[in-house]
Amino acid sequence: MSSAALTHDLDILAIAAHRDDVEQTCGGALLKAAQRGQRTGILDLTQGELGTRGSAEDRAREADDAAKILGVVRRRALDIPDGRVENTWENRLKVATVIRETRPHVVILPYWKGRHPDHYTCSVLGYEACFLAGLAKIALSSQPSDSQEPSALTPHRPFKIVYATLYYDVRPTFVVDITNEFDRKFASIMAYKTQFSDQEAGKDLFPAHDEIRTRVEAMARYYGMLGGVTYAEPFLQKEVGLVDDLLAIPVKSI
């Protein structure tokens, strides 16, 4: 796993505002995909420099550790200012460049409503970047590296965009069963030692260490109950679902 430029086609790319958002909202789904042999990636829009706890450098190391736990093949953080994620043309092109570089089939975005402005702005910014990435007349080049010169990127638009809704109280369209993945998902969250250890900084905002698993497990059990499994993560899609066989629809009605 490398935190350098994201390269090669991905099956799933999760985009979030901050390091640790993906782990909390859809880490189990990414892990499950990786265990199926699918290529997964994470794009964090910010470095997390305004976080109450830890530094951007701390969070970079923790993000790499978490990505290894989840089986993510590529992870990268952009340089959009923490606390000031804005849906500008420049920022849309930054994300569109990564979309073209990685060519994901599915993109996971945060839900478009929420408490934190960075989260809901990331949702709209990410959607519009996915659209722009497919426009042939927008010229974008790959990021230069030590071994490669920048090269023109061909247009690409993801087939599917889904929204991770854990941060907002909205009924999901579907849930992903993460019963077998829950312990490793939780381990990926706990890789952020600066964020989730007992300390004076931010003690009124962050739950105590002993409460964290209880809270994470309670949410996973709630969404698991909706899907008839033990643990699950919630997602929403804007499109109408397509069913071919009525007898194959999971989750009983009565």
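Below, the figures for the structure above:
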| read-out | value |
| --- | --- |
| Unique residue being more than 13 Å from R157 (Cβ to Cβ) and either among the aliphatic types (A, V, I, L, M) or at pLDDT 95 or above (or both) when the list is G134, G71 | G71 |
| Some residue of segment 118-139 being more than 19 Å from Q237 (Cβ to Cβ), open to solvent by 60 Å² or more (accessible area, probe 1.4 Å) and in contact (Cβ under 8 Å) with a residue 24 or more places away in the chain | no |
| T97 being buried (at least 19 other Cβ atoms within 10 Å of the Cβ) and under 23 Å from P144 (Cα atoms) | yes |
| Selection from segment 100-117 of residues that are in a strand (DSSP E or B), in contact with a Pro (Cβ under 7 Å, 6 or more places away or on another chain) and buried (at least 23 other Cβ atoms within 10 Å of the Cβ) | V107 |
| Where a residue in segment 17-41 is touching a residue at least 40 places away in the same chain (Cβ under 8 Å) and its partner, wherever it lies, is aromatic (F, W, Y) and crowded, with 24+ Cβ neighbours inside 10 Å, with Cβ under 6 Å and at least six apart | D20/Y192 |
| Tabulated pairs, segment 140-169, first at positive phi and outside any loop (DSSP other than H, G, I, E, B), second modelled with pLDDT of 80 or more and surrounded by 11 or more Cβ atoms within 10 Å (Cβ to Cβ), C-beta under 7 angstrom, 6+ apart or interchain | none |
| Options E90, E57; residue that is acidic (D, E) and within 17 Å of A133 (Cβ to Cβ) | E90 |
| Evaluation of V162 against (1) touching a Lys or Arg at 6+ places or on another chain (Cβ under 7 Å); (2) within 27 Å of E233 (Cβ to Cβ) (one fails), failing number | (1) |
| All positions within segment 118-136 that are within 14 Å of the chain's Cα centre (by Cα) and either closer than 12 Å to L13 by Cα or part of a loop (DSSP other than H, G, I, E, B) (or both) | G126 |
| Qualifying residue in segment 158-170 (condition: under 18 Å from I69 (Cα atoms) and buried (at least 21 other Cβ atoms within 10 Å of the Cβ)) | no |
| Subset of segment 43-68 that is of a type in the set (G, A, S) and modelled with pLDDT under 95 - its residue that is nearest to R184 (Cα to Cα) | A60 |
| Any hit, segment 21-42, residues being of a type in the set (A, V, I, L, M) and modelled with pLDDT under 95 | no |
| Top-ranked residue of segment 219-249 - restricted to ones that are in contact (Cβ under 8 Å) with a residue 24 or more places away in the chain and assigned to a helix (DSSP H, G or I), ranked as surrounded by the fewest Cβ atoms within 10 Å (Cβ to Cβ) | L226 |
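The values are calculated or read from the model by the stated rules, or taken from the named source; none is laboratory data. Treat the numbers as computed from the prediction; the structure is a model and nothing was measured. Virtual Cβ from ideal backbone geometry, glycine too; neighbours counted across all protein chains shown. What goes into the accessible areas is simple: the full protein's heavy atoms, side chains included, and nothing from ligands, DNA or RNA. Shrake-Rupley method; radii C 1.70, N 1.55, O 1.52, S 1.80 Å.
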